[in-house]
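The values are calculated or read from the model by the stated rules, or taken from the named source; none is laboratory data. In this text, all values refer to a predicted model and were calculated from it rather than measured experimentally. Neighbour counts run over all protein chains shown; Cβ positions are idealised from the backbone, glycine included.
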């Protein structure tokens, strides 16, 4: 299992965090996702045999948020 923390500065509220969590948690291989709008971060634990951090990043960007790290 691999873990990554991504910076998502566009999150402004709990609704933003929920939207991102919903988009990411349905990706096959994601074990855990926690978005924190106060810190502007998304922590994701995932099975690196099934996906990579780029797929997680893409899912967040597809919801309309920019990922900067």
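Please tell me if residue 68 is loosely packed, with under 12 Cβ neighbours inside 10 Å and touching a residue at least 60 places away in the same chain (Cβ under 8 Å). First the steps, then the outcome.
Values: loosely packed, with under 12 Cβ neighbours inside 10 Å: yes; touching a residue at least 60 places away in the same chain (Cβ under 8 Å): yes.
For residue 68, the condition - loosely packed, with under 12 Cβ neighbours inside 10 Å and touching a residue at least 60 places away in the same chain (Cβ under 8 Å) - is met.
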Checking residue 53 against (1) in contact with a helix residue (DSSP H, G or I) (Cβ under 8 Å, 6 or more places away or on another chain); (2) modelled with pLDDT under 95, the condition it does not meet: (1)
Of the residues in segment 1-60 that are in a helix (DSSP H, G or I) and over 12 Å from the mean Cα position of the chain (by Cα), the one that is surrounded by the fewest Cβ atoms within 10 Å (Cβ to Cβ) is 15
